[in-house]
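Okay, structure first, notes after.
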Amino acid sequence: GGVKTNALPEQSTAVVNHRIADDRYDVCVSKPDSVDAVKKRVTRILSPLASKFNLSVTAFGSDLTGDTPAYGSLFLSDAWGTALRPAPVTP
């Protein structure tokens, strides 16, 4: 028994806070950045990494891997359900 200092955790969590600029254009979707564009970009970037490590992926409520066997899971979500559209810049 006991706690080992060199053991890997069974699970980990990361919270990432994105700021969305109202005047910035996303090259991939040819429109101003939005909450949906950020979700798509994060999913597009992390899905190949999850596949490399044989993780199932659930991105913002959509199961992207189906019944494929996996060693673990990657869940992408709006952490507190507080995603907001960008506010216009005020003078």
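The single residue among ALA50, ALA83, ALA70 that is surrounded by 10 or more Cβ atoms within 10 Å (Cβ to Cβ), assigned to a loop (DSSP other than H, G, I, E, B), modelled with pLDDT of 80 or more and under 15 Å from the mean Cα position of the chain (by Cα) turns out to be ALA83. Could you give every pair whose Cβ atoms fall below 7 Å, whose first residue belongs to the stretch 65-80 and is on the phi > 0 side of the Ramachandran plot and in contact (Cβ under 8 Å) with a residue 40 or more places away in the chain, and whose second residue is charged (D, E, K, R) and outside any loop (DSSP other than H, G, I, E, B), counting only separations of at least 6 or pairs across chains? Between residues of the stretch 65-80 that are on the phi > 0 side of the Ramachandran plot and in contact (Cβ under 8 Å) with a residue 40 or more places away in the chain and residues that are charged (D, E, K, R) and outside any loop (DSSP other than H, G, I, E, B), there is no close pair.
The values are calculated or read from the model by the stated rules, or taken from the named source; none is laboratory data. Predicted model, so just to flag it, every value in this text is computed and none were measured. Methodologically, a virtual Cβ is constructed for each residue, glycine included, from the backbone with ideal geometry; neighbour enumeration extends over all protein chains shown.
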